[in-house]
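J.: Before we start, here is the structure in question, set down as structure tokens.
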């Protein structure tokens with residue numbers, strides 16, 4: 001399946017809606033809605049609420065995450081916001097400040 005990639009060095013301000021996977025390597029400010037997976041890679045910055053399928057974060061997210069599946073915070077991730085998902089993993093070395101709601 002194809003992916004929508006917000007590449008390193010790119011900044012998007014506004015709402016991004018995608019029917020496929022979204023990979024963030026650059027900066028996104030606003031809102032992100034994806035039907036499939038969302039990946040915020042190392043160096044990626046999201047200052048937005050995220051709604052999607054499985055969400056994997058290795059970069060920085062400031063905003064709420066609402067996943068229909070799972071949220072994985074990887075080593076080096078920094079998340080400030082609330083997480084709503086059926087499952088969540090927080091790796092050693094990840095930073096998280098917010099509330100978790102697993103009643104989906």
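Please treat every number below as a calculation from the coordinates, not as lab data. Model, not experiment: these values are computed from the prediction. Ideal geometry is used to build each Cβ from the backbone, glycine not excepted, and the neighbour counts take in all protein chains shown.
J.: Just the residues that are within 19 Å of residue 31 (Cα to Cα) and buried (at least 16 other Cβ atoms within 10 Å of the Cβ), please, taken from the stretch 78-104.
T.: 78, 79, 81, 83, 84, 85
J.: So, of the residues in the stretch 36-55 that are assigned to a loop (DSSP other than H, G, I, E, B) and touching a strand residue (DSSP E or B) at 6+ places or on another chain (Cβ under 7 Å), which turns out to be surrounded by the fewest Cβ atoms within 10 Å (Cβ to Cβ)?
T.: 53
J.: Could you check the stretch 56-73 and list, in sequence order, the residues that are assigned to a loop (DSSP other than H, G, I, E, B) and in contact with a strand residue (DSSP E or B) (Cβ under 6 Å, 6 or more places away or on another chain)?
T.: Narrowing the stretch 56-73 to residues assigned to a loop (DSSP other than H, G, I, E, B): 58-59, 63-64, 68-69.
Passing the criteria: 59, 63, 64.
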